[in-house]
Structures are given as C-alpha cells and as structure tokens.
Amino acid sequence: RMAKLQPESPVTLALQGDLAMRAQEYSKALELYQRAGARAPSGVLIVSQFVAGQRAGIANPEKPMVDWLRSNPDDVMVRLALGEYKQGKGDLAGARQEYEAALSKQPENGAILNNLAYVYLESGDPKALATAEKAYSKLPDVPAVQDTYGLALLRAGQADKALGLLRTASSAMPGNPE
C-alpha cells in the first residue's frame, strides 16, 4: 500500500530493498537502497547498500561505507561494519584502524573491544589480553567474547583460566570452527 501512496519515499524504497534481500534479489535491493539513501542519507542505508552489493558480487562493495565515513567520521555503526569487512578480507591493519576509531567514540562498547582484541591477537599485539579482558567484563555471557578472552589467556600462558572459558564458548557455538 505504501508503494502506491508514496512510491519514492525513502521508507518505501528501503522496505522494498529489504523485501528484495529476502527474495535474494541483491542487485535490485542495492538499487533500492541507493535510491532511498539519495533521498534520506543514513548509516543504516549505507550498511544495507554494502550488504546488498557484497551479496550481488559487485566490485568494491565497501565503497559506500568508505565514502560515507569521509563526511560522517563519527558513525560507529558504519565504522564497525567496515572494520569487520576489512578483518574478513585479512586486512588486519585496516580493521584495527576502524576498530580503534570506533572505540575512541564508544570506549565501553564490548563488541568493538572484542573485535579489536581479536585483531590484536592475530597481529601479536601485547594489548590483546587487556582489551579482551575489558570486552569480557562488558559482555561476559557472549560466546564470541568468551572465545576471544580465552584465546588471549591461552596465548598469555594462563591455560587453566583459558580452558574453562574456551569450553563454555565452544559448547555455546558447536558449529563454529574458531
């Protein structure tokens, strides 16, 4: 009904984009999110464009996030999504840069702390244990955080403390190979 009443409304376009995503019509979703974003720019629509573009297989799906952050450097949600993308691509230095920038805006955010701790671990940075411990203090019941903290403890030579956390995390995430 909204599509008939307000076909070019950013809300209508975004909802149509969501429906296209559910139907696995990723190129169509990308186009709809781009149109919505042109009318009402937002970090949520930028991340939606990225996800649709990535699933559609376009080159450089992260470009909307990079462009957005040039003019909206304090958008933690977009910065976190870009950091996760870079981390997934093996760009640990790029991921670290994004996570550290996000953490400067939200220093108590357990998800950012956990992602940053994992990048520190993979990079051999000595800040890994303290960062993982802080993440764990914020989100002690989250299996991914337990896993990161357990791994940091293990690499720091605290195997007894690490094993309990790693067992708990493993039992909560049985299909996760990490």
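The values are calculated or read from the model by the stated rules, or taken from the named source; none is laboratory data. Keep in mind it's a predicted model, so treat the numbers as computed, not measured. Here the Cβ is made from the backbone with ideal geometry for all residues, glycine too, and neighbour counts use every protein chain on show. Remember, those area values only see protein heavy atoms, side chains included, never the ligands or the DNA or RNA. Shrake-Rupley method; radii C 1.70, N 1.55, O 1.52, S 1.80 Å.
Translational D (Stokes-Einstein, µm²/s) of the range 18-66 at 20 °C and 1.002 mPa s when Rh comes from the Kirkwood sum over C-alpha pairs?
Answer from the Stokes-Einstein relation: 208 µm²/s.
³J(HN,Hα) across the range 85-93 via Karplus (A = 6.51, B = -1.76, C = 1.60, θ = phi - 60°), whole Hz, x for Gly/Pro?
4, 4, 4, x, 8, x, 8, 5, 5
So what does log10 I(q)/I(0) come out to for the range 94-178 at q = 0.14 Å⁻¹, using the Debye formula with one equal point on every Cα and no solvent?
Each listed q corresponds, in turn, to -0.42.
What list of whole percents do you get for P(r) of the range 1-91, with Cα-Cα distances grouped in 5 Å bins up to the one holding the largest distance?
With 5 Å bins starting at 0, P(r) equals 3, 16, 24, 23, 19, 9, 5, 1, 1, 0.
Using each residue's phi in the range 64-76, evaluate 6.51 cos²θ - 1.76 cosθ + 1.60 at θ = phi - 60° and report the 3J(HN,Hα) Karplus result to the nearest Hz, with x for Gly and Pro.
Ordered by residue, 3J(HN,Hα) equals x, 6, 4, 4, 4, 5, 4, 9, 9, x, 8, 6, 5 Hz.
Please sort 149-161, 111-123 by packing, taking for each peptide the average over its residues of neighbouring beta carbons within 10 angstrom, highest first.
111-123, 149-161
Residues of the chain: accessible area per residue at 1.4 Å, in Å²?
55 Å²
Val66 to Gln6: FRET efficiency via 1/(1 + (r/R0)^6), r the Cβ-Cβ distance, R0 25 Å, to the nearest 0.05?
0.20
Hey, which of these cross-link pairs are over 24 Å Cα-Cα: Lys105/Lys138; Lys127/Lys161; Lys28/Lys105; Lys105/Lys127; Lys105/Lys161?
From Lys105/Lys138; Lys127/Lys161; Lys28/Lys105; Lys105/Lys127; Lys105/Lys161, over 24 Å: Lys28/Lys105; Lys105/Lys161.
Rg and Dmax in Å for the range 48-147, alpha carbons only: what are they?
13.8, 39
Show log10 I(q)/I(0) for the chain at q = 0.14, 0.15, 0.19 Å⁻¹, two decimals, from a solvent-free Debye sum over equal Cα scatterers.
-0.82, -0.90, -1.13
In whole percent, and with a 1.4 Å probe on the protein chains, what portion of the accessible area of the range 67-178 is carbon and sulfur?
52 percent
Which value in nm describes the separation of the simple spin-label points at Gln54 and Asp91, placed 7 Å from the Cα toward the beta carbon?
Placing both labels 7 Å beyond Cα along the Cβ direction yields 1.3 nm.
What is the calculated FRET efficiency for Ala156 to Val44, with r their C-beta to C-beta distance and R₀ = 45 Å, to the nearest 0.05?
Taking R0 as 45 Å, the efficiency between Ala156 and Val44 is 0.75.
What full-extension length gain, to one decimal in nm, is calculated for Ala172 and Ser27 as 0.36 nm per residue of separation minus the Cα-Cα distance?
Using 0.36 nm per residue and subtracting the Cα-Cα distance, I get 48.7 nm.
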